[in-house]
Amino acid sequence: MVIFLTALIAAFLGYVYGQYIKPNQRLQRVIAETKAKCMAALAEGNKGVYKTIVTDHNDSSELVVEVKELAVTQSGQVKVQYLSAFYKNPNFRTKKGEALLKEVHGLLGEYLPLNEIEWYETSERHENIKKYLHSLDHQHQDLLGK
């Protein structure tokens, strides 16, 4: 009788663990990962596009550079990180990838004028991420027991 009662209690505790405790731990881990990804997206800096005309030996092309804002100076200059670049006229220069980014860094330098960069709109995206984070916090608050 004791063995049967022990087996019955073990089966009940296994059921409780499998149905309530383990899924809750998985849910907590997934929510923590999602929050971390959302916070990383919110902490991401402003990105934009800078366009300029480059002339070399009576040949010219428009240079389009995607930049990420690192810092803004008081004089209206932006310290940038170059993410990608290309020439509108592909025959102008044939460098690609990292070599082109080094060339752009040599041509333009580390600082660009703030008013000449066309910034991507991120306010709507950030608002959606904040709403999603808020709903995550409140929707699963009862389930997580916090």
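Whenever you get a sec, compute what percent of the accessible area on the chain sits on carbon and sulfur atoms (1.4 Å probe).
In the chain, the share of accessible area belonging to carbon and sulfur is 55 percent.
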Between residue 89 and residues 5 or more places away or on another chain, which pairs have amide H atoms under 5 Å apart, with H built 1.01 Å from N, and which residues are they? 62
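Can you work out the accessible area per residue across region 1-63, with the rest of the protein chains kept in place, probe 1.4 Å, in square angstrom?
75 Å²
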Please give the helix 123-139 orientation as an angle from the longest Cα principal axis of the chain, in degrees from 0 to 90, rounded to the nearest 10. 10 degrees
Residue 30 - accessible surface, heavy atoms, 1.4 Å probe, Å² rounded to 10: 80 Å²
In debye, nearest 20, what is the charge dipole magnitude of the chain about its Cα centre with +1 on Lys and Arg Cβ and -1 on Asp and Glu Cβ, if you could check? 680 debye
Sequence gap at least 6, Cα distance under 8 Å: using those rules, report the relative contact order of the chain to the nearest whole percent. 21 percent
Describe numerically, in nm with one decimal, the distance between label points set 7 Å from Cα along Cα→Cβ at residue 41 and at residue 29. 2.3 nm
Where does each of 21-28, 4-11 land if you order them by average Cβ count within 10 Å, highest first? 21-28, 4-11
Mean residue ellipticity at 222 nm from the helices of the chain, using -39,500 (n - 2.57) per DSSP H segment of n ≥ 4 over the full residue count, to the nearest 500 deg cm²/dmol? -15000 deg cm²/dmol
Kirkwood Rh and Cα Rg combined as Rg/Rh, the chain: 1.35
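The values are calculated or read from the model by the stated rules, or taken from the named source; none is laboratory data. Just so we're clear, the structure is a prediction, and the values are computed from it rather than from any experiment. Positions of Cβ are backbone-derived with ideal geometry, glycine not excepted, and every protein chain shown enters the neighbour counts. Quick note on the areas: whole protein, heavy atoms, side chains included, nothing else; ligands and nucleic acids left out. Shrake-Rupley method; radii C 1.70, N 1.55, O 1.52, S 1.80 Å.
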